[in-house]
Amino acid sequence: MSTRRATLMALGLAAFAFTTAALADAVADVEAATTRWIDAFNRKSTADIVKLYAPDAVFLGTSSPVIRDTPMLVEEYFKSLATLGEATNAVGEHRVQIFGDIAINSGYYTLTRVVDGRTTQSPARFSFVYQKRGGQWLIVSHHSSAMPAPARP
């Protein structure tokens, strides 16, 4: 093998390793951004949740027919968090996809709460679309919907 060919092959492998590492880092960063959202929800911190959204984000919540496309409307949606008591949200199976400075995290989360002394779970589907702005992954689009009932045979 020629020196030139070996050098090109080594450069190609190095570029692949760098790209793979960068992708893994981006996935980890998006996972961390989603964890921050869950943590803020579970602490019932409306202010901390709103900070995770870009100013021009669009949010379609599970329990509202309103398209929320301003920080004020996102805040309005989450203002009742404090009334949820000990309710918690947990992420289940999900997938992260990276497209340069855009990332999508889609999957399931489950709201667990106690109603009239009985524990209830409300499973839902979510899609967070993130854009890396100023070095941080911000939510630019969020869609959440209740999990449909299983199909009957």
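Select, from 107, 92, the only residue that is assigned to a strand (DSSP E or B), in contact with an Asp or Glu (Cβ under 6 Å, 6 or more places away or on another chain) and modelled with pLDDT of 95 or more.
107
From the list 74, 91, 140, 129, which residue is aliphatic (A, V, I, L, M) and in contact with a Gly (Cβ under 8 Å, 6 or more places away or on another chain)?
Residue meeting the stated conditions: 91.
Please tell me if residue 35 is modelled with pLDDT under 95 and β-branched (Val, Ile, Thr).
Against the criterion (modelled with pLDDT under 95 and β-branched (Val, Ile, Thr)), residue 35 does not qualify.
Has region 117-125 got any residue that is closer than 26 Å to residue 29 by Cα, in contact with a strand residue (DSSP E or B) (Cβ under 8 Å, 6 or more places away or on another chain), among the hydroxyl-bearing types (Ser, Thr, Tyr) and surrounded by 14 or more Cβ atoms within 10 Å (Cβ to Cβ)? Walk me through how you get there before you give the answer.
Going through region 117-125, the residues closer than 26 Å to residue 29 by Cα turn out to be 123-125.
Right, trim to in contact with a strand residue (DSSP E or B) (Cβ under 8 Å, 6 or more places away or on another chain) and you get 123-125.
Now narrow it down to the ones that are among the hydroxyl-bearing types (Ser, Thr, Tyr): none.
Within region 117-125 (the criterion being closer than 26 Å to residue 29 by Cα, in contact with a strand residue (DSSP E or B) (Cβ under 8 Å, 6 or more places away or on another chain), among the hydroxyl-bearing types (Ser, Thr, Tyr) and surrounded by 14 or more Cβ atoms within 10 Å (Cβ to Cβ)), the answer is no, since none of the residues qualifies.
Within region 87-108, can you find the residues that are among the aromatic types (Phe, Trp, Tyr) and either over 13 Å from residue 125 (Cα atoms) or crowded, with 16+ Cβ neighbours inside 10 Å (or both)?
Kept after step one, since they are among the aromatic types (Phe, Trp, Tyr), are these residues of region 87-108: 99, 108.
99, the sole residue that qualifies.
The values are calculated or read from the model by the stated rules, or taken from the named source; none is laboratory data. Note that this is a predicted model, so its numbers are computed, not measured. Every residue, glycine as well, gets a Cβ built from its backbone with ideal geometry; the counts of neighbours run over all protein chains shown.
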